[in-house]
Amino acid sequence: MASSEINRLQSRSWLAWRIVLTLLLMAGTVHAAPSWVEGINVLYEKPDNAGFQVLLANAFQMAAVESNAGKRCGVRLQPGFSLQSQQERFSAEKLLWDATATLPLESVTSEWVANQLWVQLYFQNTVSCTFQIGANRRTLLVTIRPEDSAATQAINQQLQQAKSALARGDTASAVTIYRAILEQPPHPLQQDALEYLGVALERQQDYDRAAKIYQAYLNEYPDAAGVPRVRQRLEGIALMQEVPPPELRKAKPQAEKETTRWFGVLSNSYQHYSSDQGVGEWENLQSAWITDVNLNGRHRGEEMDVKVLVSAGYWNDFNDETPEPERLSTAYADVYHKSTGQQVRAGRQTTNGEGMLGRYDGVRYSKSLGPQYAVNGIWGHPVISSRDIEINSDTQLYGLSLDITPPQSRWKHNLFVTEQTVNGMLDRQAVGGEVNFIDRNQSWLSYLDYDVNFNELNTVMLNANWFGADESHYYVALDYRRSPVLTLSNALIGQTLTELDQLTALGFTDSELEEVALDRSAISESVSAGTSRRFHPHHRWAVDASLWQLSGLEESVGVPGFDGTDLETNLSVQLISNDILWQRDLSWFTLRYADLTTSQLYSVTAEIRVPIDSRWRVRPKLQIYERSFTEVDGAETSVQPLVRLEYQPDKAWNFELDAGAEWLSSDQNGFSVERLDYLLYLRGDWLF
C-alpha cells in the first residue's frame, strides 16, 4: 500500500482536520448571500387539497408550528449548522407566487428570530396547513386544505348527499343538489360539483347538457387533475352521437385559455462589518454589495403547463476576499403534459428524497401510471455549492424511483435506487425508500438510505408532528446518518490530493479506497423534541430540546483521527407575546442552555417588533450569552444589541436598515481578548 507516499503529502494538523469535519457536518457550507428560502415547487393541486415544497438554502429541522390555519400559516425552523454571529441578523425576505383557486398561495416570507428561521405563508383564502421537513432537510413540505368553515362543512355534506343519490340511481336529486352547490358563493369544492353534475346529467341521458357542463369544466379549470377524465367523458358523448358536440366547435380561442405571467423579487443590499480588537485600530472585516434575484415564469395552456424558476445572486466584495462571488441556486424549466401525465424538469434543481443528496444539474422525468403510481428518472451532475456555477462533468448521478399513492389515502410511499460515479469510478450506489403520512392533525415521515456498495447504512430518520387544540404542536425527530454522506470521494478528506485517480495512481485498490472513505465518514446521531402551545390570547410558550453526538475517527493513511464529541445537549424555552405594549406588536423572550463538548453556554434573547404605522416598523433586539470552557480555564461573555427599521411604502417595495454591535470579552488560560464589532445592513426589495 502507498501509505508512505500519502504521509509525505500530508500537511494537515489534527486541529485543522477537526475543523474540516465539523464544517462538513449537517450538510454543507452556510450560505454567504442572505437567501435562505430559494423557491417554491408545486407537487399537486386538487379541489380539496394541494401540496408544495419550500426550497431551503441549507439543512433545517422543525422547531415549532406558529400558525396552521387562517390566511397566514407559519413555522419555526432550527438550523442544522452553525451561524456566524452576523449572519443570523440578516432579515426578512419575500417570494411571490401566482395564486390559483386550488393553491391560493400569494407569498412566502422568511426572517431570523432568536436564532431560528421563521417561515410564513400568505394565502388569498382561509386554509389549514400541515408542515413537514423533507428527507434531505433542505425542503419544507406543505399541504393545505380549505379551512373547515361553515360553508365548507355544508358543501361537503351536500356533496356526500349527492354521491349517495347517484349511488342509488336518484339522478334527479343529485342534479338538484349539485346545481344548488354551484349557485353558492365561489368555493374550491364547486369544482367537484361541476364535474359530477355532468356525470349525473349523462346518466339521465341528457347528453347535450352533460357536454355543456363538461366543456364548462374544461374552460373553468384547465389545470385541474380531473381534466383528462372529463375530456374522456366528453369524447365519449361525441362518439355516441357520432357528431362533435356543438361546444367543441364553438370552443373559445386558444389565446383566451392560455395565460402567461412573470413575477419575482429583485433585492439589493449592503453589508458592513468592522471590528476593534483593542489595539486602537478598526479592521474592516466585510464590505459588500449583494444582488439577489428570484424569477418565476408560469404558462398555463390547455395541454401544457410550463414553469421557469431562477434563483441567483452576485456578491460584490469591496475587500476582494470573495473568490466566488456568483451564486446560482436554482435555474430550471419544468414542462407538464396534462393528458399524458408526463413531466420533464431540466436545469439546476433540488429533488426531495428519491436518493438525491441535494442540488444537481440535470434532468428529472416523471410519468404517471394511473391514479396510484408514478415512475421517476433522474440524470445529472451533483452540485456541491451554489457558488459552483459551472457543471461538474466529472461526477454523474443516475436515479430511478417509484411513487405509490393509494387513492383517497393519506399515505405516500417512494422506493428508489441511485448511483453516482466520479471519472468512471463508482462513488455511491444506494437503495432506499420513504414513507409519508399527512393528516390534518398529524404527519409522519420515515426515510432510509442504504449503500449497497459499502454495505453500510447511510441515513435513517423519523419525523413526527402532532397538532392539537389551542394552537398546540408537538414534534419528535430521530436521525442517524453518516456525516458527511458516505461516498468513495470521502477518501480525499484530509488529503492534499484532489482526485480519486491520484490515489489509485499511488497504488490504492478499490477495497482500500472504500476502507479509507469509511475512516473519514463519522456517524451523527441526534434526537430532538419540542412543543408549543397558546395559554392566553396574548401569550404562547415553546420548549425545544435536543441530544446530538458525533462519533470519533481513527487515524489512517497519514490523516489524523478525531476524538468525536460528547453527548451534547441543547434546551431552549421561549415566550411569544402579541399586543402587549402596542396594538399588533410581537415580542420574543428566549432562554437557552447548551452543554457542549468543550463548553457550557447560557444565553438570553429579548426582541420586540413594533408597528409605528401601516408603513413603518421598528424592531430592537438584545442578546447576551455566557460561555464557560470545560477543557481550558476561562470564560467568554457576549452582549449583542441590534435595532432594525423596516419601511414598506406599498406592496411592490420593501426597505430595511439594521444597525448593531457586539461586545465580546474572552479569557482562555490567561489569554484575554476584548473586542467590539459593528454591523450595518441596508436592503431594498422590488417585488414585480
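The values are calculated or read from the model by the stated rules, or taken from the named source; none is laboratory data. This structure is a prediction, so every number in the text was calculated from the model and none was measured. Here Cβ is always computed from backbone atoms with ideal geometry, including for glycine, and neighbour counts include all displayed protein chains. Keep in mind that these areas ignore ligands, DNA and RNA; they rest on the heavy atoms of the full protein, side chains included. Shrake-Rupley method; radii C 1.70, N 1.55, O 1.52, S 1.80 Å.
Evaluating 6.51 cos²θ - 1.76 cosθ + 1.60 at θ = phi - 60° for every residue in the range 343-355, the Karplus couplings come out as 9, 10, 10, 10, x, 7, 8, 10, 10, 7, x, 6, x Hz, glycine and proline recorded as x. For the chain, the 222 nm mean residue ellipticity estimated from helices alone, with every DSSP H stretch of n ≥ 4 adding -39500 (n - 2.57) and the total spread over all residues, rounds to -5000 deg cm²/dmol.
If you plug the beta carbon distance of Met240 and Val293 into 1/(1 + (r/R0)^6) with R0 = 56 Å, you get a FRET efficiency near 0.55.
Relative to the compact-globule estimate of 2.2 N^0.38 Å, the Cα radius of gyration of the range 560-625 comes out at 1.64. Here the translational diffusion coefficient of the range 265-360 follows from Stokes-Einstein with Rh set to the Kirkwood radius across Cα pairs; for 25 °C and 0.890 mPa s it amounts to 147 µm²/s. Note on the chain: dipole from Cβ charges, positive end direction compared against Gln191, Val527, Pro382; the farthest Cα belongs to Gln191. Heavy-atom accessible surface of the chain, averaged per residue, reaches 45 Å², computed with a 1.4 Å probe. Kirkwood hydrodynamic radius computed over the range 426-487 comes to 13.2 Å, based on all pairs of distinct alpha carbons. Could you work out how far apart the two model spin labels at Asp206 and Ile404 are, taking each label as a point 7 Å from the Cα in the direction of the beta carbon, and quote it in nm? With each label placed 7 Å out from Cα toward Cβ, I get 4.4 nm. Spin-label model, Gln286 to Asp320: label points 7 Å out along the Cα-to-beta-carbon direction sit 2.1 nm apart. Subtracting the Cα-Cα distance of Trp379 and Val643 from their residue separation scaled by 0.36 nm leaves 90.3 nm. Could you let me know the centre-to-centre spacing of the range 171-227 and the range 609-688, using Cα atoms, in angstrom? Each part's Cα centre sits 57 Å from the other's.
In the range 641-688, the inverse of the mean reciprocal separation of distinct Cα atoms equals 13.3 Å; this is its Kirkwood hydrodynamic radius. Amide H to amide H, with H built 1.01 Å from N, Phe318 comes under 5 Å of Ser287, Ala288, Trp289, counting only residues 5 or more places away or on other chains.
Every Cα-Cα pair of the range 466-596 was included, and the share exceeding 24 Å stands at 53 percent.
Over the range 394-547, the fraction of Cα-Cα pairs per 5 Å bin, rounded to whole percents and listed from the shortest bin up, is 2, 8, 14, 14, 14, 12, 10, 9, 7, 5, 3, 1, 1, 0.
Value of Rg to Rh for the range 332-475, rounded to two decimals, is 1.02; Kirkwood radius and Rg both from alpha-carbon coordinates. Rg over Rh for the range 96-226 works out to 1.11, both radii taken from alpha-carbon positions and Rh defined as the Kirkwood radius. Here the Debye sum runs over all C-alpha atoms of the chain as equal scatterers in vacuum, and log10 of I(q)/I(0) at q = 0.05, 0.08 Å⁻¹ comes out as -0.28, -0.70. Once the Cα atoms are used to define both axes, helix 150-167 deviates from the longest principal axis of the chain by about 50 degrees. Of the solvent-accessible surface of the chain, computed with a 1.4 Å probe over protein heavy atoms with every protein chain present, carbon and sulfur atoms account for 55 percent. Computed extension gain for Ser614 through Ala167, at 0.36 nm per residue and net of the alpha carbon distance, reaches 155.5 nm. Site pair Tyr365 and Val632 shows an inter-label distance of 5.8 nm when each label is modelled 7 Å from Cα along Cα→Cβ. Amide H contacts under 5 Å for Glu66: Gly74, Val75, Arg76, restricted to partners 5 or more places along the chain or on a different chain, H placed in the peptide plane at 1.01 Å from N.
The stretch between Val604 and Tyr480, if pulled fully straight at 0.36 nm per residue, gains 41.6 nm over its current Cα-Cα span. Evaluated with a Cβ-only charge set (Lys, Arg +1; Asp, Glu -1), the chain carries a dipole of roughly 2980 debye about its Cα centre, given to the nearest 20. Please go through the residue pairs Lys307/Lys651; Lys94/Lys367; Lys94/Lys621; Lys71/Lys338 and name each one whose alpha carbons sit more than 26 Å apart in this structure. Among Lys307/Lys651; Lys94/Lys367; Lys94/Lys621; Lys71/Lys338, the Cα-Cα distance tops 26 Å for Lys94/Lys367; Lys71/Lys338. Taking the 0 to 90 degree range and rounding to the nearest ten, how far is the long axis of helix 14-24 tilted relative to the main principal axis of the chain, both from C-alpha atoms? The angle comes out at about 10 degrees. For the range 349-428, the pair-distance distribution built from all alpha carbon pairs, in bins 5 Å wide starting at 0, is 3, 15, 24, 21, 15, 10, 7, 4, 1, 0 percent. Between the Cα long axis of helix 510-519 and the first principal axis of the chain there is an angle of about 80°, rounded to the nearest 10.
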